[in-house]
Amino acid sequence: MKKAIAALFTAVVCFSFAHSSNAASTTYTVKKGDTLWKIANTYKTTVDNIKKWNHLTSNNITVGTKLIIQSSSTATAKNTSTTSAVNSTAGKKVIVVKATAYTASCKGCSGVTALGINLKKNPNAKVIAVDPKVIPLGSKVYVEGYGQAIAADKGSANKGNRIDVFVPSLQSARNWGVRTTKVTILQ
């Protein structure tokens, strides 16, 4: 009888400890320039986990939004992020491109993309200009070093594996420079 009670007590203590460690969480307030991807990387978890914990149905977040980040995710995220990364890119096209940056305020630029997005009214929009033969217009993409974006524009210099990322200022475009990066076509 004593062994049964001791075993039951040990099981209850172990279960309580495991349950309480999973319940720990942190609240993160979204700041300007944040993306779910950046926040997930900071907390060593996945975008899918953050969306699940906060009942989010899209990747759009706004400044001031408070997000719940599970503290126990640090231990499990290493396992799940590898699985999620494999699942999220499985069957998706990844291409290496030469990327430059552009603004909506160049001489002769209307500021309106091929899909009708007004970049002057939406200076923080994540848009890339593409060769539609390589990346179809309207595609949702992930650009390494830039984040999630939509292929909403095309440019005369964008032939083959070349893209332009939209940035709000000329200085940001200069800072971007010319780089080789990877683009994952998400949808």
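All of the numbers you see were taken from the coordinates with simple rules; none came from a lab. This is a predicted model, so every value here is computed, not measured. With ideal geometry, Cβ positions are generated from the backbone for all residues, glycine too; neighbour counts draw on all protein chains shown.
Each peptide in 92-103, 30-41, 141-152, 59-70 gets a packing score, the mean of other Cβ atoms within 10 Å over its residues, and the list from highest to lowest is 141-152, 92-103, 30-41, 59-70.
In plain terms, if you count all Cα to Cα distances in region 94-185 and split them into 5 Å steps from zero, the share in each step is 3, 15, 29, 29, 18, 5, 0 percent.
Were the residues from ASN60 through GLU144 laid out at 0.36 nm apart, the gain over their Cα-Cα distance would be 28.4 nm.
With each label modelled as a point 7 angstrom along the Cα→C-beta vector, the ILE185-LYS120 pair spans 3.2 nm.
Inter-label distance, SER110 to TRP37: 2.8 nm, where each label sits 7 Å from its Cα along the C-beta direction.
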